[in-house]
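Just below is one structure, and these are the notes that go with it.
The values are calculated or read from the model by the stated rules, or taken from the named source; none is laboratory data. In this text the structure is predicted, and so the values were computed from the model without any measurement. Ideal geometry is used to build each Cβ from the backbone, glycine not excepted, and the neighbour counts take in all protein chains shown.
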Amino acid sequence: MPLDHSIVGQPGEPHVRSWTSADALLYAVGVGAGLGDPLAELEFTTENSEGVQQQVLPTYGVLLAQARTARSLGDFDRAMLVHAEQAFELHRPIPVTGSVRAVATVTGIYDKGSGALVTSESVAVDAESGEPLVTSRTGTFIRGEGGFGGERGGSSPWQRPDRSPDLLVEQQTRPEQALLYRLSGDRNPLHADPKFAARGGFPRPILHGLCTYGFTGRALLHALCGSDPARFRSMSGRFSAPVFPGETLVVSIWADGDDAALFQTAKQDGTVVIDRGVLRHGEQSDEAAAAA
């Protein structure tokens, strides 16, 4: 059964999602906060440390904005689906607890030859006030579903700077990282079940793309935003290779003006796993400036 192209442009039903302080803490640990130095990121990993106010990692917004599209894309092997690209924009810092109403819309289905690229946008607003919190844009690649003669789709211009990175951040993942991250909601067996992973052509379960994305977002937050989520505006990147739990990630960062940076995330052997990365950031928040 081919993909259902009539779904493009049709918004899904609103999805209400609530989260607690514990949910935010679990997500932070799932994307490596505190790994190697449990005292380094207490504002993201604890809620009761003296003199430390809990905050929420910006990339948690991608999970909060997730919602179902109008209906299923069609009948295909889910083992052939991988996360291809992810972008999001924060309209304000994420509160420690809250509830959002999110609506997702498939924005395009593109023919990439060997597969289909499905893009979607999800907008999450405060469930009570309607105030925007996060806008998420996602691309998923479904292997074997291309060749239907559709548009290939375009991409934003991006070029790796012809100079050494201004900053390099190295982060180790845990061998059990995927088992920990999946507790934040993504139970795709591709990341835990070796038989399911083999169906997708992988020798063992791979790390969630959004876990790698969360590791990268943490690196950018600390390196360019002074660890202040209020300065983190938006982030985008394209997943280019799988990561296996336990591998080391190296984030290369190039400043691109006063409020932007380009980045790539790679393994230690140089294999790029997140490409065409762009971060936009702002000035220090009034609260952080007053505390400094």
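Values computed for the structure shown
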read-out	value
Looking only at segment 40-52, and only at residues there that are of a type outside the set (S, T, N, Q) and part of a loop (DSSP other than H, G, I, E, B), the one that is surrounded by the most Cβ atoms within 10 Å (Cβ to Cβ)	GLU41
Residue, modelled with the lowest pLDDT, within segment 268-292, restricted to residues that are under 26 Å from GLN86 (Cβ atoms) and among the acidic types (Asp, Glu)	GLU283
Some residue of segment 192-207 being out of contact with any Pro (no Cβ under 7 Å at 6 or more places or on another chain), surrounded by 14 or more Cβ atoms within 10 Å (Cβ to Cβ), β-branched (Val, Ile, Thr) and at pLDDT 95 or above	no
Exclusive hit being in a loop (DSSP other than H, G, I, E, B) and either surrounded by 14 or more Cβ atoms within 10 Å (Cβ to Cβ) or not aliphatic (A, V, I, L, M) (or both), set ASP23, ASP37	ASP37
Yes/no for ALA104 being modelled with pLDDT of 95 or more, surrounded by 17 or more Cβ atoms within 10 Å (Cβ to Cβ), touching a Leu at 6+ places or on another chain (Cβ under 7 Å) and small (Gly, Ala, Ser)	no
Count of segment 239-267 residues which are closer than 21 Å to GLY61 by Cβ and either surrounded by fewer than 19 Cβ atoms within 10 Å (Cβ to Cβ) or at pLDDT below 95 (or both)	2
Single match in GLY139, GLY217, GLY201, GLY209 (criterion: closer than 17 Å to GLY34 by Cα and touching a strand residue (DSSP E or B) at 6+ places or on another chain (Cβ under 9 Å))	GLY217
Strands (runs of 3 or more DSSP E) wholly inside segment 157-267 that include at least 2 residues being of a type in the set (A, V, I, L, M, F, W, C) and either free of Cβ contacts under 8 Å to residues at least 60 places away in the same chain or closer than 26 Å to THR135 by Cβ (or both)	232-239, 248-255, 260-267
Test set (1) under 19 Å from LEU180 (Cβ atoms); (2) among the acidic types (Asp, Glu); (3) in contact with a Lys or Arg (Cβ under 7 Å, 6 or more places away or on another chain) - ASP111 fails condition number	(1)
